[in-house]
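A short write-up of the structure that comes next.
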């Protein structure tokens with residue numbers, strides 16, 4: 001009961017100290033109304049874009065390095081052992097059930113061969129009749 005009260009009190013204090021969001025002070029750009037304004041704004045953007053990328057790139061690279069290190073740490077300490085354990089258990093189950101699986105595969109092969117033997121003559125007849133129908137359509 002004490003933690004939620006302290007959390008609410010903390011947020012109220014933050015709202016008292018910072019009543020307005022800081023992003024509300026950002027200048028809003030008006031859309032260009034003439035073709036000349038489009039050209040000038042476009043050229044200004046193209047001139048400033050490479051410099052902005054150069055200034056942002058080192059910070060972004062640092063963040064990516066930290067993130068990749070963090071993800072590698074999580075993978076190596078939690079996920080990799082978990083997946084290795086699952087892989088190991090799956091391998092043991094497959095080794096135990098290998099004879100049963102092989103028998104089932106042989107049964108399925110026999111069933112498929114029998115189906116092909118029973119269905120193939122019907123398919124051939126249908127093929128012939130379709131060919132005859134096409135010949136009749138052409139005549």
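Given 67, 90, which one is surrounded by 10 or more Cβ atoms within 10 Å (Cβ to Cβ), without any contact (Cβ under 8 Å) to a residue 60 or more places away in the chain, under 21 Å from the mean Cα position of the chain (by Cα) and assigned to a helix (DSSP H, G or I)?
The match here is 67.
Looking for something outside any helix (DSSP H, G or I), surrounded by 10 or more Cβ atoms within 10 Å (Cβ to Cβ) and at pLDDT 75 or above - is there at least one such residue anywhere in segment 32-53? Even if it seems obvious, please write down each step before you answer.
In the first step, residues of segment 32-53 are kept if they are outside any helix (DSSP H, G or I); the result is 32-34.
Next, from what is left, pick out any that are surrounded by 10 or more Cβ atoms within 10 Å (Cβ to Cβ): 32.
Going one step further and asking which of them are at pLDDT 75 or above, we end up with 32.
Looking through segment 32-53, at least one residue is outside any helix (DSSP H, G or I), surrounded by 10 or more Cβ atoms within 10 Å (Cβ to Cβ) and at pLDDT 75 or above.
The values are calculated or read from the model by the stated rules, or taken from the named source; none is laboratory data. Keep in mind that this is a model prediction, so the values were computed, not measured. Please note: Cβ atoms are built from the backbone with ideal geometry, for glycine as well, and neighbour counts cover all protein chains shown.
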